[in-house]
Amino acid sequence: KKILIINGPNINMLGSREPGIYGNATLADIEKAISSLAKELKVEVEFFQSNHEGEIVDKIQSVKDKVFAIVINPAAFTHTSVAIRDAISAIAAPAIEVHISNVYSREEFRHKSYIAGVCIGQIAGFGVDGYLFALKKLASL
Ligand code: DQA
């Protein structure tokens, strides 16, 4: 059972990026926390981060039957990308959308997600724990 964890643009900057909003954890810290929960849950995880929309589309298209489910923080592409939405729609694997921050308490342009409607659910505002909640849910399916 392999679960793919996708992080979008600027998530590689976590730790130094707006710590008041996103906290001090780096992407490596997040991946470490996910890996240790995955071990407990006895699921395999693969990590992918890209700042490029098309690379994320390519990655989603490539999952086929290798990946059972997807956790995705599309970052800024959440609010802009029909292409990522369509890629998730095109595959069978279920996805959960995660945001570190509570996007609904922020600027209005962050209130709209093109992605959430093709996911089984969305988690926002719980920091790094959001990834862990999503992993736990997907592992239980
Ligand atoms: C984010 C929220 C997005 O609005 C923003 O563009 C990000 C990060 C989050 O995890 O809180 O880059 O997805």
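Just so you know, all these numbers are worked out from the coordinates, no wet-lab data involved. Please read these numbers as outputs of a predicted model, since none were measured by experiment. Backbone-built Cβ (ideal geometry, glycine too); neighbour counts: all protein chains shown.
Could you pull out the pairs from Lys59/Lys136; Lys66/Lys137; Lys112/Lys137; Lys2/Lys112; Lys39/Lys112 whose alpha carbons sit more than 26 Å apart here?
Values: Lys59/Lys136 22 Å; Lys66/Lys137 19 Å; Lys112/Lys137 24 Å; Lys2/Lys112 29 Å; Lys39/Lys112 34 Å.
Going by Cα-Cα distance, Lys2/Lys112; Lys39/Lys112 fall outside the 26 Å limit.
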- Message: If I take the Cα coordinates of the chain and project them onto the principal axes, what are the three extents in Å, biggest first?
- Response: 37, 32, 23
- Note on the structure: For region 10-23, in residue order, the Karplus 3J(HN,Hα) values (coefficients 6.51, -1.76, 1.60; θ = phi - 60°; whole Hz; Gly and Pro = x) are 6, 5, 5, 8, 4, x, 9, 7, 5, x, x, 9, 9, x
- Note on the structure: Once Lys and Arg are counted +1 and Asp and Glu -1 for all other residues with Cβ under 9 Å from that of Ile115, the total becomes 0
- Note on the structure: Scalar couplings 3J(HN,Hα) for region 63-79 by Karplus 6.51 cos²θ - 1.76 cosθ + 1.60 (θ = phi - 60°), nearest whole Hz, x for Gly and Pro, are 5, 6, 8, 6, 10, 8, 7, 10, 9, 10, 9, x, 6, 4, 5, 3, 8
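Report the relative contact order of the chain, percent, no decimals, based on alpha-carbon pairs under 8 angstrom and at least 6 residues apart.
Numbers: 243 pairs, mean separation 39.4, N = 141.
Here the relative contact order equals 28 percent.
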- Note on the structure: In nm, the gap between the two label points placed 7 Å beyond Cα toward Cβ at Asn10 and Lys137 is 2.4
- Task: Counting only C-alpha contacts under 8 Å and six or more residues apart, can you give the relative contact order of region 84-141 as a whole percent?
- Result: 40
